[in-house]
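*Asks:* Quick one: this structure, given as structure tokens, is what I'll be asking you about.
The values are calculated or read from the model by the stated rules, or taken from the named source; none is laboratory data. Note that the structure is a prediction, hence the values are computed from the model and not measured. Positions of Cβ are generated from backbone atoms using ideal geometry, with glycine treated the same way; all protein chains shown enter the neighbour counts. Note: areas computed on protein heavy atoms with side chains; ligands, DNA, RNA excluded. Shrake-Rupley method; radii C 1.70, N 1.55, O 1.52, S 1.80 Å.
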Amino acid sequence: MTIIVTGGAGFIGSNFVYYMLEKYSNYRIVCIDCLTYAGNLSTLEKAFLNPNFKFYKTDICDREAIYKIFEAEKPNIVVNLAAESHVDRSIDNPEVFLKTNILGTQVLMDACLKYGIERYHQVSTDEVYGDLPLDKKDLLFTEKTSLKPSSPYSASKASADLLVLAYNRTYGLPVTISRCSNNYGPYQFPEKLIPLMILNALNEKALPVYGKGENIRDWLYVEDHCKAIDLIIHKGTAGEIYNVGGHNEIANIDIVKLICKRLEKSEKLITYVADRKGHDLRYAIDPTKIHKELGWLPQTKFADGIEKTITWYLENRKWWEAIISGEYQNHYEKIYENR
Ligand code: NAD
Ligand code: TYD
């Protein structure tokens, strides 16, 4: 079995690479990643020690190069995690989001059609559904909820999802899609809420909370997401969409306060800044389908997952210090100055 994992040098992709290498000693995992600012080879350091792992530094939009890899590797399954993934960056500059997230998906699916595949899996997001009101707790996203993306990022992911379903209907490509809620865990790039707040708190820097901090996300430990993808690619039905989430809704401000407490930092570091444009209020996933059909349930409680995550950042300073010394500074100034 050979599985191509795109975006494997990023947050979820690298966790998925490690999960699969550990679980299936007879699988080859071939990673394709062009190493944008969010992709880091040091993240895959331990994977390179495994003879079942192979890495290609390639852009998923590069059709010729992608076809060559498919020809050489003959994958059985493709899991597409390569993407531009940060909402704030998409508001600042949408173009690369459309290119990678939509056209890159098309190139990968064309390669699957050309060389044959057992399964193409698209890792999508709950953000394609738009948002839910803060005060109607009974409302959740199901797979049937209509698509109503708010940001250029989520619009690009929704577009890709539609293209994936069209390739299934028109060409019979055996596809599946997972739409997951917010992930947290090791190797997450510190532009996202949880690692950004951990690192800023450790460095005694201001903790920039957008708006009033009342926006709600449905947090899932990354390993639980990896387990869901593993189940879907092996047991999920082609043509189907699976929502993945942990019934774990938390307001941003509560997460930031929890991080302050755990790191013994003053809440005075919390700074309320101008809200994100088009800021989604609340995400909440109904995971009934994946639970009933594939037996998936999240296994990591938030209290344990956040403890593991904070400990990981405390123990892996080298990893994130290298990151925040580079291009990250420009990003930080652009997103947060005058806010
Ligand atoms: P990430 O930004 O940490 O990693 C993305 C990876 O893709 C990086 O390694 C980057 O180098 C690579 N990449 C980007 N453009 C590429 C291109 N053109 N060609 C090849 N590689 C490219 O993202 P993540 O948080 O790990 O998210 C992975 C996927 O999961 C994305 O599709 C995202 O939409 C989805 N998702 C993320 C979350 C979350 O909470 N992080 C939740 C649900 C879904
Ligand atoms: P983020 O981690 O960017 O994920 P997403 O926007 O895809 O859900 O943000 C999570 C929440 O945290 C979101 O409501 C925006 C908020 N947020 C802040 O308040 N401050 C920050 O500095 C960041 C990065 C996010």
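*Asks:* Among the residues of segment 107-131 satisfying the criterion of being in a helix (DSSP H, G or I) and touching a Cys at 6+ places or on another chain (Cβ under 9 Å), which is nearest to ligand 2 (Cβ to nearest atom)?
*Replies:* In this case the residue turns out to be ASP126.
*Asks:* Do we have any residue at all in segment 235-253 that's modelled with pLDDT of 95 or more, of a type in the set (Lys, Arg) and under 20 Å from PRO208 (Cα atoms)?
*Replies:* no
*Asks:* For segment 1-96, please list each of the strands (runs of 3 or more DSSP E) lying entirely inside it that holds at least 2 residues being in contact with a Ser or Thr (Cβ under 8 Å, 6 or more places away or on another chain).
*Replies:* Where strands (runs of 3 or more DSSP E) fall fully within segment 1-96 and carry at least 2 residues being in contact with a Ser or Thr (Cβ under 8 Å, 6 or more places away or on another chain), they are 28-33, 77-80.
*Asks:* Checking GLY326 against (1) within 26 Å of THR271 (Cα to Cα); (2) open to solvent by 70 Å² or more (accessible area, probe 1.4 Å); (3) outside any helix (DSSP H, G or I), which single condition isn't satisfied?
*Replies:* Going through (1) within 26 Å of THR271 (Cα to Cα); (2) open to solvent by 70 Å² or more (accessible area, probe 1.4 Å); (3) outside any helix (DSSP H, G or I) one by one, GLY326 breaks only (2).
*Asks:* Sticking with this one: Could you check segment 150-189 and list, in sequence order, the residues that are in contact with a strand residue (DSSP E or B) (Cβ under 9 Å, 6 or more places away or on another chain), of a type outside the set (S, T, N, Q) and closer than 21 Å to LEU220 by Cβ?
*Replies:* Those that are in contact with a strand residue (DSSP E or B) (Cβ under 9 Å, 6 or more places away or on another chain), of a type outside the set (S, T, N, Q) and closer than 21 Å to LEU220 by Cβ: TYR153, LYS157, ALA158, ALA160, ASP161, ILE177, ARG179, CYS180, TYR184, GLY185.
*Asks:* Exactly one of (1) open to solvent by 40 Å² or more (accessible area, probe 1.4 Å); (2) farther than 26 Å from TYR336 by Cα is unmet by VAL79. Its number?
*Replies:* Result: VAL79 fails condition (1) only.
*Asks:* Next up: Can you tell me which residue within segment 161-193, out of those that are touching a residue at least 24 places away in the same chain (Cβ under 8 Å), of a type in the set (Gly, Ala, Ser) and more than 25 Å from GLU327 (Cβ to Cβ), is farthest from ligand 2 (Cβ to nearest atom)?
*Replies:* Within segment 161-193, the match that is farthest from ligand 2 (Cβ to nearest atom) is SER178.
*Asks:* Look through segment 211-232, keep the residues that are over 19 Å from ILE306 (Cβ atoms) and open to solvent by 30 Å² or more (accessible area, probe 1.4 Å), and return whichever of them is farthest from ligand 1 (Cβ to nearest atom).
*Replies:* The selected residue is LYS212.
*Asks:* Name every residue in segment 1-34 that is open to solvent by 30 Å² or more (accessible area, probe 1.4 Å) and under 19 Å from LYS68 (Cα atoms), in order of residue number.
*Replies:* If the condition is that a residue be open to solvent by 30 Å² or more (accessible area, probe 1.4 Å) and under 19 Å from LYS68 (Cα atoms), then MET1, ARG28, CYS34 are the ones that fit.
*Asks:* Further, regarding this structure: When the residues of segment 39-60 are narrowed to those that are touching a residue at least 40 places away in the same chain (Cβ under 8 Å) and surrounded by fewer than 21 Cβ atoms within 10 Å (Cβ to Cβ), which ends up farthest from ILE3 (Cα to Cα)?
*Replies:* SER42
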